[in-house]
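What follows is one structure encoded as structure tokens, with my remarks underneath.
The values are calculated or read from the model by the stated rules, or taken from the named source; none is laboratory data. Predicted model only: the values in this text are computed from it and were never measured. Quick reminder, even Gly has a Cβ in these numbers, built from the backbone with ideal geometry, and neighbours come from all protein chains shown.
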Amino acid sequence: MLLSADFQFSQAALQAFMDCPRRFYWRYVRRVRWPAPQAQPLVEHEERLQRGWLFHRLVQQHVLGVPEELLARAVQADELLARWWENYLSAHPAQVAGQRYPELVLSASLADWRVMAKYDLVVVTPEKRWLIFDWKTAQRRTSRRKLLARLQTRVYRYLLARAGACLAGGVTPPPAQLEMVYWFANHPADPEHFPYDATQFAADEEYLSNLIMEVCAGQDAADFPLTTQERHCRYCSYRSLCDRGKEAGDVDEMDEVPLAESLDDFDLDLEQIAEIEF
Ligand code: SF4
């Protein structure tokens, strides 16, 4: 077994394996961090990392009750961040009555491993609807088809149905009362909604279990082959290790920016990488 016994599968880890088994190997087995820039120009890419991180923190503070006037000062110096913030305040994407859980982390066991997720916001309404909100700050709006295919949409809904009982007095969320909403800071009037149901829940459980078992069957690097779809290499930090080119992809072509803050948050924050447009 290559993974430590306390390894937890995030959607980012599973997505990495789906996109390229070798990327999973570098990142989660060997824990190689940033051997090359993900995108260029580098300075602009780093600005976007920072801005995306700030936006998520602003919304978190707002949900926690920090006054808007106070938060408005934090966006004054950055035109794009100010625009996102205005869009957020105008659209009120999560304006629904209920108990709010910003930056919620949930985990559950699956196939003898732990699966975990960090949610931007979960709201449990008085009617016992369970709403997952996820903020996206990319220039481009990711299509519904691509969002549906991402591990994030599967893992977040499945895990809330599995582990959400801790939020509402021990009542397990029925899948049919659960919904995921992606809200796009650059496309505020066009969110994407993904309802859930028991059939999809059962399908997700089988799919994710099989995927985890496939990952864990790997015994050495050879069991984690380089992807044959080289478009995945364009924004991948491991290009030099894989001899898949030196030039990073253009930052303007990215659909989302990662939010890495520390190595401990590595798995969680790299979830945003899943939004890169391929
Ligand atoms: S550079 Fe390409 S082959 Fe190498 S880890 Fe990244 S996506 Fe996989």
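Is it the case, given these coordinates, that Ala149 is out of contact with any Leu (no Cβ under 8 Å at 6 or more places or on another chain) and in contact (Cβ under 8 Å) with a residue 60 or more places away in the chain? Answer is no for this residue.
Return a yes/no flag: does the stretch 144-166 have any residue that is among the polar types (S, T, N, Q), part of a helix (DSSP H, G or I), over 30 Å from Glu46 (Cα atoms) and in contact with a strand residue (DSSP E or B) (Cβ under 7 Å, 6 or more places away or on another chain). Checked against the condition, which is being among the polar types (S, T, N, Q), part of a helix (DSSP H, G or I), over 30 Å from Glu46 (Cα atoms) and in contact with a strand residue (DSSP E or B) (Cβ under 7 Å, 6 or more places away or on another chain), the stretch 144-166 yields no hits at all. Tallying residues that are small (Gly, Ala, Ser) and out of contact with any helix residue (DSSP H, G or I) (no Cβ under 9 Å at 6 or more places or on another chain) within the stretch 82-108 yields 4.
With the structure loaded, tell me whether Leu178 is among the aliphatic types (A, V, I, L, M) and modelled with pLDDT under 95 or whether it fails that test. Criteria not met by Leu178.
Within the stretch 206-232, residues that are closer than 14 Å to Trp113 by Cβ have Cβ atoms under 8 Å from residues that are among the basic types (Lys, Arg) and more than 16 Å from the ligand (Cβ to nearest atom) in these pairs: Leu208/Arg154, counting only partners at least 6 apart in sequence or on another chain.
Restricting attention to the stretch 204-243, the residues that are more than 12 Å from Arg22 (Cα to Cα) and away from the ligand (no atom under 14 Å from the Cβ) total 14. All of (1) over 18 Å from Asp120 (Cα atoms); (2) at pLDDT 95 or above hold for Val59 with one exception: (1).
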